[in-house]
Amino acid sequence: FSRTLTKCELRELAPSLLCLVVQARSFLYKMVRIIAGVILEVGTGRMTVEELEGNLRDGDSPCCAPLPPHGLFLWEVSYPEDRIRPD
């Protein structure tokens with residue numbers, strides 16, 4: 001299975017507070033938590049960019065463990081206007 005991200009931004013809100021914004025039409029199970037885990041692994045040097053590229057190219061399973069769900073929340077759900085049916 002695959003999904004296409006339409007947005008993936010990492011924002012620094014404060015010196016020790018980051019905000020990951022991910023947008024897509026749909027998501028796989030634990031997808032955002034795995035993306036956040038990869039950012040943490042590469043950002044702290046526990047995984048190199050080359051290792052990540054190899055995992056993305058060759059791997060069938062996630063290249064790192066998903067982060068726990070603490071702090072993760074659904075911000076917004078939107079639908080195209082032509083998909084909304086009037087009551």
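Read-outs: derived from the displayed coordinates by stated rules, not from any lab. None of the values given here were measured: they were computed from a predicted structure. FYI the Cβ positions are ideal-geometry reconstructions off the backbone, even for glycines, and counts take in every protein chain you see.
What is the gain in length, in nm to one decimal, between W75 and L40 on full extension, counting 0.36 nm per residue of separation less the C-alpha to C-alpha distance?
10.5 nm
Amide H contacts for A24 (H built 1.01 Å from N in the peptide plane; partners 5 or more residues away or on another chain; cut-off under 5 Å): T6.
Gyration tensor over the Cα atoms of region 1-71: the corresponding equivalent ellipsoid has semi-axes (square roots of 5 times the eigenvalues, largest first) of 19, 17, 11 Å.
In percent, rounded to a whole number, the relative contact order of region 8-47 is 25, using alpha-carbon pairs under 8 Å and six or more apart.
Distance between the 7 Å Cα→Cβ label points at R85 and K7: 2.9 nm. How far, in degrees from 0 to 90, does helix 31-43 lean away from the longest principal axis of the Cα atoms of the chain, to the nearest 10? With both axes taken from Cα atoms, the answer is about 30 degrees. For region 1-31, the list of trypsin sites (Lys or Arg not before Pro) that fall in a loop by DSSP and count at most 15 other C-beta atoms within 10 angstrom reads R3, R25, K30.
Contact order for region 11-87, expressed relative to its length and based on alpha carbon pairs under 8 Å spaced 6+ residues apart, stands at 27 percent.
Taking the Cα atoms only, what angle lies between the long axis of helix 49-58 and the longest principal axis of the chain, rounded to 10 degrees? It works out to around 60 degrees.
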